[in-house]
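Take a look at the structure set out below.
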Amino acid sequence: MTPQVMAVTPHQTVGHVRDLMARKRIQALPVTGPEDEVLGIVTAVDLLRAHKDATPVASIMTKEVLTIPDYADVSKAARMMRNRRIHHLVVTGDGKMLGILSSYDLLKLVEDHRFVPKNAPSTPGRPRGKSGSHRRRSG
């Protein structure tokens, strides 16, 4: 997780968000309220559509944000992200935003060998032979 995440408020503008994301080289910004509660998220994909710079973030943000509690297992986060086809999860604790988890964070865990996936379950059936071992017998 990336702690100390930059966030924006609903009344800030698309132009501000676009500039901030470009300068900081980030792909998503949570939208938070006065108590650091998560109200939405705005991503680089949201900015691909033509929006005027003066448009408030509240009108383009995704309001149904998927969050994950800070005590959850990383494999649950990875599964949520894969199943929902998203690249960012907001990490929360006590109803407040604590950080953000991105697909890049998960890739770093794998790269650093700190996350070891479980072995896939074996499937019952016939034993596997060598490739090309299915030959016709002449008789």
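The values are calculated or read from the model by the stated rules, or taken from the named source; none is laboratory data. Just so it is clear, the structure is predicted and the values come from calculations on it, not from any experiment. Here Cβ is always computed from backbone atoms with ideal geometry, including for glycine, and neighbour counts include all displayed protein chains.
Annotations
- Qualifying residue in the stretch 77-96 (condition: in contact with a Leu (Cβ under 8 Å, 6 or more places away or on another chain) and loosely packed, with under 12 Cβ neighbours inside 10 Å): yes
- Where D36 falls short, out of the listed (1) surrounded by 14 or more Cβ atoms within 10 Å (Cβ to Cβ); (2) over 18 Å from the mean Cα position of the chain (by Cα); (3) assigned to a helix (DSSP H, G or I): (3)
- Any hit, the stretch 130-138, residues being modelled with pLDDT of 65 or more and hydroxyl-bearing (S, T, Y): no
- Residues satisfying the stated conditions in the stretch 2-17, i.e. among the small types (G, A, S) and not in a loop (DSSP other than H, G, I, E, B): G15
- So A78, is it farther than 17 Å from V5 by Cβ, at pLDDT 90 or above and part of a loop (DSSP other than H, G, I, E, B): no
- Among the residues of the stretch 45-65, those that are part of a loop (DSSP other than H, G, I, E, B) and loosely packed, with under 15 Cβ neighbours inside 10 Å comprise V45, R49, A50, K52, D53, A54, T55, K63, E64.
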